[in-house]
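To start, the structure under review is shown below, and the notes come after it.
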Amino acid sequence: MLNRKVKDAGRPVAYARHMETMGERLKRLRVARGLTQPELAKLVGVTKSAISQWEDGSTKNLKLSILARVLDALGTDLQYLVWGENRAPNGPAPSNRPRRRFSGS
């Protein structure tokens, strides 16, 4: 039976904080590089609306060759763009590891 004198079962539990999406990371990196959506689109070889759709999450799948050009244009790696700061599932990337550059074909 429940004890009516107890108001809470324990200490309050903090809810999970907002998890940044790939689109939000993409936008943050683009803005940090001082690029507009049309400028990034030109670098990558897509339309401005494609960039907009990636950032707002309405497009989930990118072709590998286009994704490689996005990574190069934003100076980031795949694990960060997909998984974020924690780089799950493998944990943080070693800082001394050279970044791999892709040539989009």
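Each value in this text was obtained by applying a stated rule to the coordinates, not by laboratory testing. Note that the structure is predicted; figures quoted are calculated from it, not measured. Don't worry about glycine lacking a Cβ; one is built from the backbone with ideal geometry, like all the others, and counts go over all protein chains shown.
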Karplus (6.51, -1.76, 1.60) ³J(HN,Hα), θ = phi - 60°, over the stretch 70-86, in Hz, Gly and Pro reported as x
4, 4, 5, 5, 9, x, 10, 10, 4, 4, 5, 4, 7, 9, x, 4, 6
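Quote the charge dipole size of the stretch 32-83 about the Cα centre in Debye, to the nearest 20; the model charges only the Cβ of Lys and Arg (+1) and of Asp and Glu (-1).
On the way: 6 positive and 5 negative charges, 31 e Å.
Roughly 140 debye for the stretch 32-83.
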Residue-by-residue Karplus 3J(HN,Hα) for the stretch 46-53, coefficients 6.51, -1.76, 1.60, Hz, glycine and proline x
10, 8, 4, 5, 5, 4, 4, 5
